[in-house]
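The values are calculated or read from the model by the stated rules, or taken from the named source; none is laboratory data. Small disclaimer: the values here were computed from a predicted structure and weren't measured. Note: ideal-geometry Cβ built from the backbone for every residue, glycine included; neighbour counts use all protein chains shown. Side chains included, ligands, DNA and RNA excluded: accessible areas come from the protein's heavy atoms. Shrake-Rupley method; radii C 1.70, N 1.55, O 1.52, S 1.80 Å.
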Amino acid sequence: MSKEPQGKELNWKTRVGGQVDGKPVVRGYPLDDLVGRVSFAEAIFLILKGELPSEREKKMMEAMLVACIDNGIGPPSVVAARTVFSGGNPLNAAVGAGVLTLGDSHGGAIEQCARIYQENFPADVVDIRAHAKAVVEEFDKKKKRLPGYGHKLYKRDPRTLRLLELAKEYGYMGRFVEFAVAVQDELEAKSGKNLPLNVDGMIAAVISEMGLSWKNGKGLFIIGRIPGLVAHVVEEWEREKPFRRLEEGTYAYDGTPVRPVPGTR
Ligand SMILES: CC(C)(COP(=O)(O)OP(=O)(O)OC[C@H]1O[C@@H](n2cnc3c(N)ncnc32)[C@H](O)[C@@H]1OP(=O)(O)O)[C@@H](O)C(=O)NCCC(=O)NCCS
């Protein structure tokens, strides 16, 4: 057991990790014993949930992290990271700027969506489709978007489709995934629009199946996307000149027409 320092008030306590007998420990396991024996995805599962994953949890976690790694140069996080680097700032500032863009519309939807699955979908719900319909109606009435649905590029999100295949293979087609798909169907039927369950929504459903709190949702996306952001910043560094700006002709001023400053004419 760890020895608590005598005579000092312990006001910074953690169950995540520490040093015991001069060695680092993560969730009770000696870190040097984990090194070389568990994959990075297993270690991420361990540090977030507190226990090592089973074989199927490990495989699903690997798959979700890979699904998050990149989605091209277009999303706000990559544009921000590359722009901050281009302004002459170091890699950590650029990657940090990319992470700061991750909000309700981009990446952050996992957190909100998993919260809906975990808090607005009681365990005693039997008619999953009827409950999905009620949730869609509630959001529609409040004129709010359902997090985890819709995509700028994809009519059906290829990452979701692949994760659905793997969820079947690894035994994750439980009530949360069933509910997530039912919400997609009800949302599309009600709106008449193409609003697919996107990768954020699918990950939200799977982490709910795994018993991971919704509070881990955005963090999981950040963990998965950081390698992509680093790669984009290094590419910006090696391939582009500093001070990138919008190309002439792709932006316009459409404010008040030019007028004299009072007293100048
Ligand atoms: C991802 C997202 C920004 C893509 O938006 P988009 O394809 O550019 O769609 P638009 O913002 O032009 O919206 C088109 C219409 O669909 C509606 N819509 C889009 N996403 C919706 C959602 N998740 N729930 C309900 N309605 C939605 C909009 O209200 C809009 O309706 P209107 O035409 O009546 O005004 C959008 O779907 C969204 O906000 N989703 C929720 C957040 C999310 O899951 N983000 C993770 C993305 S991987």
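Quick notes on this one:
- Exclusive hit being farther than 24 Å from Leu161 by Cα and open to solvent by less than 40 Å² (accessible area, probe 1.4 Å), set Leu65, Leu31, Leu52, Leu46: Leu46
- Residues in the stretch 198-227 that are of a type outside the set (D, E, K, R) and either over 16 Å from Met60 (Cβ atoms) or open to solvent by 20 Å² or more (accessible area, probe 1.4 Å) (or both): Asn198, Gly211, Ser213, Trp214, Asn216, Gly219, Ile222, Ile223, Ile226, Pro227.
- In the stretch 134-150, the qualifying residues are those that are within 16 Å of Asp185 (Cβ to Cβ) and open to solvent by less than 60 Å² (accessible area, probe 1.4 Å), and the one that is nearest to the ligand (Cβ to nearest atom) is Gly150.
- Taken together, the residues in the stretch 151-183 that are open to solvent by 10 Å² or more (accessible area, probe 1.4 Å), touching a Lys or Arg at 6+ places or on another chain (Cβ under 8 Å) and not aliphatic (A, V, I, L, M) amount to 2.
- Of the residues Ala123, Ala109, the single one that is under 12 Å from the mean Cα position of the chain (by Cα) and at pLDDT below 95 is Ala109.
- Residues located in the stretch 184-194, provided they are more than 10 Å from the ligand (Cβ to nearest atom), open to solvent by 40 Å² or more (accessible area, probe 1.4 Å) and charged (D, E, K, R): Asp185
- Residue satisfying all of: in the stretch 76-133; among the hydroxyl-bearing types (Ser, Thr, Tyr) and open to solvent by less than 20 Å² (accessible area, probe 1.4 Å); farthest from Arg239 (Cα to Cα) among these: Tyr117
- Number of residues in the stretch 165-183 that are touching a Phe, Trp or Tyr at 6+ places or on another chain (Cβ under 9 Å) and more than 10 Å from the ligand (Cβ to nearest atom): the value is 5.
- Only a single criterion out of (1) in a helix (DSSP H, G or I); (2) surrounded by fewer than 21 Cβ atoms within 10 Å (Cβ to Cβ) is not satisfied by Glu57, namely (2).
- Thr101 among the polar types (S, T, N, Q) and within 13 Å of the chain's Cα centre (by Cα): yes
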